[in-house]
Amino acid sequence: MSARGLFVTGTDTGVGKTRVAVALIHALRAHGLRVAAMKPVSAGSAVGELNEDVAALVQAANADVDVRDVNPYAFAEPVAPHIAAKSLGVRIDLEVIAEAYARLAAVADVVVVEGAGGWRVPLNEHEDMADLALRLGLPVVLVVGLRLGCLNHALLTAESIALRRVPWAGWVGNHIEPAMQLAAENLVALHTRLPGPCLGVQGFLEREGLVVNMPQWLTLPHWLVS
């Protein structure tokens, strides 16, 4: 696989993975790179329409690719992927995803892959999102949703990433709870305890779907743009 890439995962569902993935794409494009996006598995879309996260990724990216490679598995029901797949008699196959990724990597400088849900979300009877990141061989960007409980979720996820020997690219804090008490103190704890580096902290975005095209808060890993 020729392209460089990142695997964006989160401490939970709804922590802002898509917003961070889109920000990464825009930052990479600002360096003159051809960027492809991928959401291997999506759940929650009307029949015949793109999943909302997939649409945002496609709009942000600039590589000419087939949307079927961007999102190989799309399910209408907004439930855990393996449950949605089983209800339709489908098995999510990591090799199918890897082949789609290879086609994206062949026409892009960088591929930004966004996982579904959190780090250990099951994909089939034996494999989960962590297995997919390992299969693709991509460094992980962990999105930490800043709210009560985020320290435990972030540290457990980082520990699991290390145990699986998946490369670590860094983490991003995302303010998803504007009334969170002692948010600054929680960020200090994350800086102290997570492996680092911190690629940035995104402020709370009140309007749903708002995307900052040129994210000033984000620092790209140097090996992606050197």
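The values are calculated or read from the model by the stated rules, or taken from the named source; none is laboratory data. The structure displayed is predicted, hence computed values, not measured ones. All Cβ positions, glycine included, derive from the backbone under ideal geometry; neighbour counts span all protein chains shown. The area values use the complete protein model at the heavy-atom level, side chains included, leaving out ligands, DNA and RNA. Shrake-Rupley method; radii C 1.70, N 1.55, O 1.52, S 1.80 Å.
Against the conditions (1) part of a loop (DSSP other than H, G, I, E, B); (2) open to solvent by 10 Å² or more (accessible area, probe 1.4 Å); (3) closer than 23 Å to A169 by Cα; (4) of a type outside the set (S, T, N, Q), V90 satisfies every one except (3).
Could you list all residues from the stretch 96-111 that are farther than 15 Å from S42 by Cβ and either hydrophobic (A, V, I, L, M, F, W, C) or more than 18 Å from the chain's Cα centre (by Cα) (or both)? Once the filter is applied, which keeps residues that are farther than 15 Å from S42 by Cβ and either hydrophobic (A, V, I, L, M, F, W, C) or more than 18 Å from the chain's Cα centre (by Cα) (or both), the stretch 96-111 yields A98, E99, A102, R103, L104, A105, A106, V107, A108, V110, V111. Restricting the first member to the stretch 155-184 and to residues that are in contact (Cβ under 8 Å) with a residue 60 or more places away in the chain, and the second to residues that are among the charged types (D, E, K, R), the beta-carbon pairs closer than 8 Å and six or more apart or on different chains are N174/R19; I176/R147. For the stretch 183-216, give me the residue count where each residue is at pLDDT below 85 and either open to solvent by 60 Å² or more (accessible area, probe 1.4 Å) or of a type in the set (D, E, K, R) (or both). Total satisfying the criteria: 8.
State whether the residues of the stretch 140-157 include one that is touching a Cys at 6+ places or on another chain (Cβ under 6 Å) and surrounded by 14 or more Cβ atoms within 10 Å (Cβ to Cβ).
Initial filter on the stretch 140-157 (touching a Cys at 6+ places or on another chain (Cβ under 6 Å)): 144.
Remaining after also requiring surrounded by 14 or more Cβ atoms within 10 Å (Cβ to Cβ): 144.
Yes; the residues of the stretch 140-157 include at least one that is touching a Cys at 6+ places or on another chain (Cβ under 6 Å) and surrounded by 14 or more Cβ atoms within 10 Å (Cβ to Cβ).
Return yes or no: is L123 in contact (Cβ under 8 Å) with a residue 60 or more places away in the chain, more than 24 Å from A23 (Cα to Cα) and either touching a helix residue (DSSP H, G or I) at 6+ places or on another chain (Cβ under 7 Å) or aromatic (F, W, Y) (or both)? In short, yes.
Candidates V70, V22, V54: the one that is in contact (Cβ under 8 Å) with a residue 40 or more places away in the chain and crowded, with 20+ Cβ neighbours inside 10 Å is V22. For the stretch 162-182, filtering for residues that are surrounded by fewer than 13 Cβ atoms within 10 Å (Cβ to Cβ) and assigned to a loop (DSSP other than H, G, I, E, B) leaves 5. Of the residues A84, A98, A133, A108, only one is assigned to a helix (DSSP H, G or I) and either among the polar types (S, T, N, Q) or in contact (Cβ under 8 Å) with a residue 60 or more places away in the chain (or both); which? The unique qualifying residue is A133.
Only residues that are touching a residue at least 40 places away in the same chain (Cβ under 8 Å) and surrounded by 14 or more Cβ atoms within 10 Å (Cβ to Cβ): list them for the stretch 57-67, please.
So the first thing to find is which residues in the stretch 57-67 are touching a residue at least 40 places away in the same chain (Cβ under 8 Å), and the list is 57, 60-61, 63-65.
Answer for the stretch 57-67, where residues must be touching a residue at least 40 places away in the same chain (Cβ under 8 Å) and surrounded by 14 or more Cβ atoms within 10 Å (Cβ to Cβ): L57, A60, A61, A63, V65.
Applying the criterion of being assigned to a loop (DSSP other than H, G, I, E, B) and at pLDDT 95 or above to the residues of the stretch 138-148, the residue that is farthest from Y73 (Cα to Cα) is P139.
Would you mind stating whether L136 is surrounded by 16 or more Cβ atoms within 10 Å (Cβ to Cβ) and in contact with a Phe, Trp or Tyr (Cβ under 8 Å, 6 or more places away or on another chain)? The answer is yes for L136.
If you go through the stretch 112-127 one residue at a time, how many are farther than 21 Å from S45 by Cβ and surrounded by fewer than 22 Cβ atoms within 10 Å (Cβ to Cβ)? First the steps, then the outcome.
Within the stretch 112-127, the subset farther than 21 Å from S45 by Cβ is 119-120, 125-127.
Of the ones still in play, those that are also surrounded by fewer than 22 Cβ atoms within 10 Å (Cβ to Cβ) are 120, 125-127.
Counting residues in the stretch 112-127 that are farther than 21 Å from S45 by Cβ and surrounded by fewer than 22 Cβ atoms within 10 Å (Cβ to Cβ) gives 4.
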